[in-house]
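The values are calculated or read from the model by the stated rules, or taken from the named source; none is laboratory data. Here the structure is a predicted model, which means the values were calculated and not measured. FYI the Cβ positions are ideal-geometry reconstructions off the backbone, even for glycines, and counts take in every protein chain you see. Note: accessible area is taken over every heavy atom of the protein model, side chains too, but ligands, DNA and RNA are not part of it. Shrake-Rupley method; radii C 1.70, N 1.55, O 1.52, S 1.80 Å.
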Amino acid sequence: MLNRIIIRGGFYGALVFFIIFSASPFYVMLITMFKRGHDLFNPNNNPFFFNEPITLEHLDLLFTQTLYTKFLLNTFLVGIAVVAITIIFAVPAALSLARMAGRWGENLGIGIFLTYLIPPTLLFIPLSRVVSTLGLQNSLWSLILVYPTFTVPFCTWLLMSFFKSIPREIEEQALIDGCSRINAFFKILLPISIPGIITVIVFTFTLVAHEYIYALAFIQDSGEKTIGIGMTTELVRGDVFYWGALMGGALIASIPVAILYTLFLDRIISGLAMGTAKR
Amino acid sequence: MAVVELIGIKKYFGHVKAVDGIDLEIKDGEFLALLGPSGSGKTTLMRLIAGLESSTEGKIIINGEIVNEVPPRARGIAMVFQSYALYPHKTIFKNIAFPLVVEGLNKESIKKKVLWAAGLLGIGHLLGRMPSQVSGGEKQRVAIARALVRRPKVLLMDEPLSNLDAKVRHTAREELKLFQREIGVTTVYVTHDQAEAMGLGDRIAVMNEGIIRQIGTPEEIYHEPVNTFVAGFVGIPPMNFIEQDSVIIGFRPETFLPTELITDKDLMKLRFRVERVENLGSYRLIYGTIGDVKVISNLSLPYPIKEREEYDFSVRLQDIRYFDKEKGVSIKK
């Protein structure tokens, strides 16, 4: 009996610890965005509570004195475009690599993954030449062009292991049941792959939203900035950090991502698991 | 209903000769079992007929039409895979209906045909479920119903019973034979299980190393094997072989009995040293040696046998088969 209480206690203790661990950044963001500047910067105040009445001054700064909504919109637009490009390239690439017989498929797959491993901190130098030659500097198009260089390999790899877990016989059955290859892909393979494709969409979106280096290197106009660089360049002025606005902006930007993950959590997990294990 | 002819079919994967020259005619409405060990090329041969592989050489003819260049969907064939390959995201009804939907039939006739096929296989009550919600035996029936719903000219089955447990497999085998007779579809059935081949096949083609070693009725295959491969592969336990000068003498375990129990006069008498007795209920398997050659007797009659003792055993001369020692082919004596 005592044993069971200890085990249960340990279990709930761990649960509470992890809930606090993962929720506390959101909590800090939430209270910081409503705290008065004076409250925020007084080292004698308890940082986890409101010590003075709340204020909306930071939100006002965020929405009226910066192009915060434009940043969000830009990120969203780039995200949509990059997701579309990624799906168009990664799905057929992954399918052919997964179905390619022999060593060629595997080596090509590894080769594609290797390109993902080259750090953007090196790549942005040659890519900035490309961007300027094409005349895309200071435009969202530069990001739409460059982001697929890492989302496509990553998602190809992810989808490849996903397609490998779908038995070839299911495709062949479709061929025998009257489908052409194209038909078999759209009518059978694609619907089965929806968990994998949703995973890819969510991952691509996340990758785009938190990309920093390319956005910083290629975009200088405030109106063309994405959320990651927009916030950090417009709300950190010299050595002055606008903490309230920064926290508020970060929290608001993370809400759609959180909703996306929560909505599709089951599918994402089954998408990732499908990639690793056979059903 | 259809006749399938294969002429000089070869299929090489690089240096591997999966199918190495096969001539075969499958008659209209026939149930042909392709029997062979794994790697013998039997599945490749079936995939060639289906059009999932293209042959390196040779012609495949279905109902007089050369179909080498015809894609699987236009060959009028249906196939049941070993894994059943049910579409996991479709209900049982939609699985069975899929070939008809692709064909572009209207809803009324699709429903009618699906109900017909489901009724034939006794799975009418499962139509609303998903493939993950039905048992292995039911999946197999769904796969067969989906294969039959289009009324194929040729039905191809790749070890459809091997994923079932032993009990279900027995009844499934019986049903398979009954409905195949009922609808009379030309059937090619790949298996490595000789009991399935013997029980189901009108004829059996025994394959090894990419070629057909023998083709014939189950009786011919069992009683008149044309070479030592077929003799040794078919039969559980397999045929006993004893080398004698330039010939190999073969006899089935159930013909190798204590001399006292045989009434015939024309016998070959052998001294049998018993090593081990396996009692399997209705019969005993007796493992032992003649000289230093291992042989097995299958004894279903009561007769006292003890391990580690010698007995007088005999084979009737008419039950003995002779094979050439060099080539392993059957010799008539």
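Examine segment B:3-16 for a residue that is part of a loop (DSSP other than H, G, I, E, B) and closer than 19 Å to B:V154 by Cα, and state whether such a residue exists.
Yes, segment B:3-16 has at least one match.
Of the residues A:S128, A:S132, which single one is free of Cβ contacts under 8 Å to residues at least 40 places away in the same chain, surrounded by fewer than 18 Cβ atoms within 10 Å (Cβ to Cβ) and part of a helix (DSSP H, G or I)?
That would be A:S132, the only listed residue that is free of Cβ contacts under 8 Å to residues at least 40 places away in the same chain, surrounded by fewer than 18 Cβ atoms within 10 Å (Cβ to Cβ) and part of a helix (DSSP H, G or I).
State the number of residues belonging to segment A:76-112 that are over 30 Å from A:E171 (Cβ atoms) and open to solvent by less than 60 Å² (accessible area, probe 1.4 Å).
Counting residues in segment A:76-112 that are over 30 Å from A:E171 (Cβ atoms) and open to solvent by less than 60 Å² (accessible area, probe 1.4 Å) gives 3.
Would it be correct to say that A:I259 is assigned by TED's automatic domain parsing to the domain that holds A:A94, open to solvent by 70 Å² or more (accessible area, probe 1.4 Å), farther than 30 Å from A:R99 by Cα and not in a loop (DSSP other than H, G, I, E, B)?
Against the criterion (assigned by TED's automatic domain parsing to the domain that holds A:A94, open to solvent by 70 Å² or more (accessible area, probe 1.4 Å), farther than 30 Å from A:R99 by Cα and not in a loop (DSSP other than H, G, I, E, B)), A:I259 qualifies.
With B:E103, B:E65 as the choices, which residue is open to solvent by 40 Å² or more (accessible area, probe 1.4 Å), within 11 Å of chain A (Cβ to nearest Cβ) and within 23 Å of B:A2 (Cβ to Cβ)?
Testing whether each residue is open to solvent by 40 Å² or more (accessible area, probe 1.4 Å), within 11 Å of chain A (Cβ to nearest Cβ) and within 23 Å of B:A2 (Cβ to Cβ) leaves just B:E103.
Can you tell me which residue is farthest from B:V188 (Cα to Cα) among those in segment B:17-35 that are acidic (D, E) and assigned to a strand (DSSP E or B)?
By that ranking, first place goes to B:D20.
Is it fair to say A:F162 is of a type in the set (F, W, Y), within 14 Å of another protein chain (Cβ to nearest Cβ) and in contact with a Ser or Thr (Cβ under 7 Å, 6 or more places away or on another chain)?
yes
Check every one of the strands (runs of 3 or more DSSP E) wholly within segment B:292-333 and list those with 2 or more residues that are more than 32 Å from the chain's Cα centre (by Cα) and not aliphatic (A, V, I, L, M).
Result: B:310-316.
Of the residues that sit in segment B:82-100 and are open to solvent by 20 Å² or more (accessible area, probe 1.4 Å) and polar (S, T, N, Q), which one is nearest to the other protein chains (Cβ to nearest Cβ)?
Only one residue fits best here, namely B:S83.
Could you list, in sequence order, all residues of segment B:153-166 that are over 16 Å from the mean Cα position of the chain (by Cα), modelled with pLDDT of 90 or more and open to solvent by 10 Å² or more (accessible area, probe 1.4 Å)?
B:K153 - this is the single residue of segment B:153-166 that is over 16 Å from the mean Cα position of the chain (by Cα), modelled with pLDDT of 90 or more and open to solvent by 10 Å² or more (accessible area, probe 1.4 Å).
Could you tell me whether segment B:177-187 includes any residue that is out of contact with any His (no Cβ under 9 Å at 6 or more places or on another chain), over 19 Å from B:P218 (Cα atoms) and within 13 Å of chain A (Cβ to nearest Cβ)?
Checking segment B:177-187: not a single residue is out of contact with any His (no Cβ under 9 Å at 6 or more places or on another chain), over 19 Å from B:P218 (Cα atoms) and within 13 Å of chain A (Cβ to nearest Cβ).
Scan (1) under 21 Å from A:S254 (Cα atoms); (2) free of Cβ contacts under 8 Å to residues at least 24 places away in the same chain for the single condition A:P53 breaks and write down its number.
Every listed condition holds for A:P53 apart from (1).
So the check is Cβ under 9 Å with 6+ separation or different chains; which pairs have a first residue in segment A:1-30 that's closer than 30 Å to A:G244 by Cβ and a second one that's open to solvent by less than 50 Å² (accessible area, probe 1.4 Å) and among the basic types (K, R)?
none
Look at A:L67 and say whether it is surrounded by fewer than 16 Cβ atoms within 10 Å (Cβ to Cβ) and in contact (Cβ under 8 Å) with a residue 60 or more places away in the chain.
It is false that A:L67 is surrounded by fewer than 16 Cβ atoms within 10 Å (Cβ to Cβ) and in contact (Cβ under 8 Å) with a residue 60 or more places away in the chain.
Let's see how each residue does on (1) of a type outside the set (D, E); (2) at negative phi:
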{"site": "B:F31", "(1), (2)": "yes, yes"}
{"site": "B:L34", "(1), (2)": "yes, yes"}
{"site": "B:R47", "(1), (2)": "yes, yes"}
{"site": "B:S55", "(1), (2)": "yes, yes"}
{"site": "B:I62", "(1), (2)": "yes, yes"}
{"site": "B:I66", "(1), (2)": "yes, yes"}
{"site": "B:E69", "(1), (2)": "no, yes"}
{"site": "B:G76", "(1), (2)": "yes, no"}
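For segment A:171-205, how many residues are β-branched (V, I, T), open to solvent by 10 Å² or more (accessible area, probe 1.4 Å) and facing chain B (nearest Cβ under 7 Å)?
Residues in segment A:171-205 being β-branched (V, I, T), open to solvent by 10 Å² or more (accessible area, probe 1.4 Å) and facing chain B (nearest Cβ under 7 Å): 1 in total.
Being open to solvent by 80 Å² or more (accessible area, probe 1.4 Å), without any contact (Cβ under 8 Å) to a residue 24 or more places away in the chain and within 18 Å of A:E234 (Cβ to Cβ): is that true of A:L73 here?
yes
Here is a check on your reading of the model: is B:E30 acidic (D, E) and open to solvent by 70 Å² or more (accessible area, probe 1.4 Å)?
When the stated conditions are applied, B:E30 does not pass them.
Condition check: modelled with pLDDT under 95 and closer than 23 Å to B:L176 by Cα. Does B:G76 satisfy that?
Spelling it out, B:G76 is indeed modelled with pLDDT under 95 and closer than 23 Å to B:L176 by Cα.
Please verify whether B:A145 is touching a Leu at 6+ places or on another chain (Cβ under 6 Å), more than 9 Å from chain A (Cβ to nearest Cβ) and in contact (Cβ under 8 Å) with a residue 40 or more places away in the chain, treating the condition exactly as stated.
yes
If I filter segment B:289-331 down to residues being under 17 Å from B:P258 (Cβ atoms) and of a type in the set (F, W, Y), which single residue comes out as surrounded by the fewest Cβ atoms within 10 Å (Cβ to Cβ)?
Per the criteria, the residue is B:Y303.
Filter segment B:68-81 for residues that are facing chain A (nearest Cβ under 8 Å) and open to solvent by 20 Å² or more (accessible area, probe 1.4 Å); which is farthest from A:L189 (Cα to Cα)?
B:P71
Which condition number does A:N44 fail, the rest of (1) open to solvent by 70 Å² or more (accessible area, probe 1.4 Å); (2) at pLDDT 90 or above being met?
Unmet for A:N44, out of (1) open to solvent by 70 Å² or more (accessible area, probe 1.4 Å); (2) at pLDDT 90 or above: (2).
Can you list the helices (runs of 4 or more DSSP H) found entirely within segment B:71-155 that contain at least 2 residues being within 25 Å of B:E30 (Cβ to Cβ)?
Result: B:107-121, B:136-148.
Which condition from (1) surrounded by 19 or more Cβ atoms within 10 Å (Cβ to Cβ); (2) at positive phi is the one that A:N138 breaks?
(1)
Give just the number: which of (1) within 20 Å of B:L161 (Cβ to Cβ); (2) in a helix (DSSP H, G or I); (3) open to solvent by 20 Å² or more (accessible area, probe 1.4 Å) does B:S38 not satisfy?
Among (1) within 20 Å of B:L161 (Cβ to Cβ); (2) in a helix (DSSP H, G or I); (3) open to solvent by 20 Å² or more (accessible area, probe 1.4 Å), B:S38 violates only (2).
Checking the structure you have, find out if any residue of segment A:99-120 is in contact (Cβ under 8 Å) with a residue 12 or more places away in the chain and in contact with a Leu (Cβ under 8 Å, 6 or more places away or on another chain).
yes
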